[in-house]
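What follows is one structure encoded as structure tokens, with my remarks underneath.
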Amino acid sequence: MTERFKKVMVMGAGGMGALFGAILAEGGFDVVLVDNDREHVDAIRKDGLRISGLGGERYHRIIAEYEASAVTEADLVLFQCKGTASTDAAQAMAHLAGTDAIFISFQNGLGNEDILAAHFGAENVFGGLTSMAGARLGPGHIQDFDRVPSYIGEWSGGLTDRASRIAAAFTAAGLETNASTDIRTEIWKKLLGNITMSAVSGITNLTSTEILQIDALRRICFTALDEAISIAHSQGVMLEKSAVVRGLEMMTIPGGTGDNKSSLCLDVLAKRQSEVEFIYGKPLELAEEAGLVVPTLRTLYGLVKGIETHYVKD
């Protein structure tokens, strides 16, 4: 770790945010978790963060706050809240604008980095992605599923010394991270995996491993993938299907990430608004602009929106 990047604020302490925060704190970073779920924060303050799964049952003492305003200094801010909360979260930390803090989005879908860039300047924003899986099991309690590499990169593009140093510091702390020269393409690569599996998981209440064992669902997923690749190509992101499938295979291995339901599925189960607009809505807007016919993606999007009408009010 370099002293320049010692103080880390994690905005959104759900399964993934709390897991990243715990790993970095154990590796020597000064970490503060921020979450507006008071029951969750109170539990972390009282007993520590309880972590189950990979590495065994354990508790980790870590600072947790209800409000972003309680954090007056941060070198790095990891955005791990839902995309639906990105604008509100950015506004809540307006006091950190102009402080040389770097804002890294590890969120799902398209559009989050642009929201951060509008508030803090593109030069202070990194894109990030991970295929790691974490889930919140209850107040102050998360599940740790596995370890796979994560990626970060300058939202403006190119490989910089600061990106390499942050990635190296994260890796040394136990969160294996690579600095990318083209983080936008990397984000699209993960997005294609999410588009393939997320809505199907949310509609069926199945894990990705379970989905791929059912031929009818597997066909739907790979048709969705073909349509999503056509959208990526329309944006100049020339990913090969074989490369995406390899990543998908890594994400769906039984005994690890594959045993986790998609975050969209967990949102549906909890009857809260999902990130369907970021995972499907934004790409569908791009498909419309490019004149592409993507009926499977439109069907999956529509079905999730229909489910949400039972508990999400405008």
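The values are calculated or read from the model by the stated rules, or taken from the named source; none is laboratory data. This is a predicted model, so every value here is computed, not measured. Neighbour counts run over all protein chains shown; Cβ positions are idealised from the backbone, glycine included.
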Subject >> Filter result (surrounded by 20 or more Cβ atoms within 10 Å (Cβ to Cβ) and modelled with pLDDT under 95) within region 24-46 >> reply: none
Subject >> Candidate set: region 283-314, residues that are out of contact with any helix residue (DSSP H, G or I) (no Cβ under 7 Å at 6 or more places or on another chain) and not in a helix (DSSP H, G or I); chosen: the one farthest from residue 271 (Cα to Cα) >> reply: 291
**OP:** Answer yes or no: is there a residue in region 106-113 that is acidic (Asp, Glu) and surrounded by fewer than 23 Cβ atoms within 10 Å (Cβ to Cβ).
**Re:** no
Original post:
Given the conditions (1) assigned to a helix (DSSP H, G or I); (2) under 22 Å from the mean Cα position of the chain (by Cα); (3) under 18 Å from residue 261 (Cα atoms), and given that residue 218 satisfies all but one, which numbered condition is not satisfied?
Top reply: (2)
Original post:
residue 148 versus (1) in the same structural domain as residue 284 (by TED's automatic domain parsing); (2) part of a loop (DSSP other than H, G, I, E, B); (3) among the β-branched types (Val, Ile, Thr): which is the lone unmet condition?
Top reply: (1)
Original post:
Do any strands (runs of 3 or more DSSP E) lying entirely in region 1-110 carry at least 1 residues that are of a type in the set (A, V, I, L, M) and within 26 Å of residue 274 (Cα to Cα), and which ones are they?
Top reply: 7-11, 30-34, 49-53, 63-65, 76-79, 102-105
